[in-house]
Structures are given as C-alpha cells and as structure tokens.
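Written out below as structure tokens is the structure these notes cover.
The values are calculated or read from the model by the stated rules, or taken from the named source; none is laboratory data. The shown structure was predicted, so the numbers you read here are calculated from the model rather than taken from an experiment. Reconstructed Cβ throughout: ideal geometry from the backbone, glycine too, with neighbour counts over all protein chains shown. What goes into the accessible areas is simple: the full protein's heavy atoms, side chains included, and nothing from ligands, DNA or RNA. Shrake-Rupley method; radii C 1.70, N 1.55, O 1.52, S 1.80 Å.
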Amino acid sequence: MPERSGRREQGRPALDAALRLLARREHSRRELRAKLSLRGYETSEIGRTLDRLAGRNLISDERFAEAFLRSRLERGQGPLKIRAQLKERGVDAPLVDAVMNEAEVDWDLRAAAARSRRFGEPPPGNREDMARQARFLRGRGFSEGQVARAVLNETVR
C-alpha cells in the first residue's frame, strides 16, 4: 500500500481525492481539509477545492452534522458526547445547537433505553449496580439529570 502521509497522491487533483472521500460518507469541511492536507495537497489547492465543492453543495457542515447525529443516536450516545464530537470535527457551535434542537430527541427516553439494553429492564438492585449503570450512561454522554432519571427508573415510557 503506498504511503499517503506527506505525499500528494500520484498526480491526482485534490478534487478527485475529495470526491472519493465524499463517496464513502459525509465529511465536515474541517475533516476534508485535514485529510487532503495529510495526502500532501497544498493549502491553496485545498481551499479552492473546498470552495468548489461547497458551491456545488457537495459538502455541507449542516448535512454532515445531521448525518453524524443520526449515526450517534443509533449507537445510543447522549447529547454531551455528540456535541463534543461535532465540535471536535469542526462544526461551529451555533450549527451544533441548531441541529441538536431540530432533532427533537427525548434524551431521557434515550438514556433509559441505553440503560435497559445494557443492563436489562429491572432497575438496579443496590448502590453498586446504580453506580455502575450511572458510569456507563455518563460515558455514553448523557447529562447527570438524564442519568439519574434513567438509573432511578423515573423516565415515563
């Protein structure tokens, strides 16, 4: 397998490389910039390529954020983790807020579902089980309130 890091892909324009990446999945503008940079393309060529893709509506941070949110919801992740991951991938905070608010997700219900999938329907029997389940949900990115309601089985189903 040829080395990619620091070398421009064998004479191919950045647009071709970007289109191949986008054929696999949505990317944020920042992700695409980083991947093209790793492949050895010059900053100016990357900028022109990204502007061209955006002009054709082939890249969209909003579309990326929506797809990313859907995929993370399927994995049972909570809002704190999803927000952090979107920001880490270069999506602006106002856009993250808009996408999260538009989704109209019942996070309490999601936390309860993640808990019951992992640990079963009955609520935890003792403090040790409660703590273990709470750690699991916090690790998934649910807020303290969501965790408490899920572990104490206070979520209306």
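Among the residues of this structure, residue 36 counts as one that is part of a helix (DSSP H, G or I), buried (at least 17 other Cβ atoms within 10 Å of the Cβ) and of a type outside the set (S, T, N, Q). For residue 62, the criteria (1) closer than 15 Å to residue 90 by Cβ; (2) more than 20 Å from the chain's Cα centre (by Cα); (3) open to solvent by 60 Å² or more (accessible area, probe 1.4 Å) hold in every case but one, which is (2). Of the residues 30, 12, 48, the single one that is under 22 Å from residue 95 (Cβ atoms), basic (Lys, Arg) and open to solvent by 30 Å² or more (accessible area, probe 1.4 Å) is 30. Tallying residues that are buried (at least 16 other Cβ atoms within 10 Å of the Cβ), more than 20 Å from the chain's Cα centre (by Cα) and in contact (Cβ under 8 Å) with a residue 40 or more places away in the chain within the stretch 92-147 yields 1.
Table: residues versus (1) in contact with a Phe, Trp or Tyr (Cβ under 8 Å, 6 or more places away or on another chain); (2) on the phi > 0 side of the Ramachandran plot.
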{"position": "13", "(1), (2)": "no, no"}
{"position": "17", "(1), (2)": "yes, no"}
{"position": "34", "(1), (2)": "no, no"}
{"position": "37", "(1), (2)": "no, no"}
{"position": "47", "(1), (2)": "no, no"}
{"position": "75", "(1), (2)": "no, no"}
{"position": "90", "(1), (2)": "no, yes"}
{"position": "93", "(1), (2)": "no, no"}
{"position": "111", "(1), (2)": "yes, no"}
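With respect to residue 83, is the statement that it is open to solvent by 90 Å² or more (accessible area, probe 1.4 Å), free of Cβ contacts under 8 Å to residues at least 60 places away in the same chain and either assigned to a helix (DSSP H, G or I) or not small (Gly, Ala, Ser) (or both) true? No: the conditions fail for residue 83.
For (1) closer than 30 Å to residue 27 by Cβ; (2) out of contact with any Pro (no Cβ under 7 Å at 6 or more places or on another chain); (3) of a type in the set (A, V, I, L, M); (4) at pLDDT 95 or above, each residue gets a yes or a no:
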{"site": "65", "(1), (2), (3), (4)": "yes, yes, yes, yes"}
{"site": "75", "(1), (2), (3), (4)": "yes, yes, no, no"}
{"site": "91", "(1), (2), (3), (4)": "yes, yes, yes, yes"}
{"site": "117", "(1), (2), (3), (4)": "yes, yes, no, no"}
{"site": "124", "(1), (2), (3), (4)": "no, yes, no, no"}
{"site": "128", "(1), (2), (3), (4)": "no, yes, no, no"}
{"site": "134", "(1), (2), (3), (4)": "no, yes, yes, yes"}
{"site": "141", "(1), (2), (3), (4)": "yes, no, no, yes"}
{"site": "155", "(1), (2), (3), (4)": "no, yes, no, no"}
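On inspection, residue 147 qualifies as farther than 27 Å from residue 24 by Cα and of a type in the set (A, V, I, L, M).
Residue check: residue 57 meets all listed conditions (1) over 23 Å from the mean Cα position of the chain (by Cα); (2) exposed (fewer than 13 other Cβ atoms within 10 Å of the Cβ); (3) not in a helix (DSSP H, G or I) but one, namely (1).
Just to be sure, is residue 24 open to solvent by 70 Å² or more (accessible area, probe 1.4 Å), within 20 Å of residue 86 (Cα to Cα) and of a type outside the set (Asp, Glu)? So residue 24 passes the test. The residues in the stretch 67-79 that are touching a residue at least 24 places away in the same chain (Cβ under 8 Å), surrounded by 17 or more Cβ atoms within 10 Å (Cβ to Cβ) and not aromatic (Phe, Trp, Tyr) can be counted, and the count is 5.
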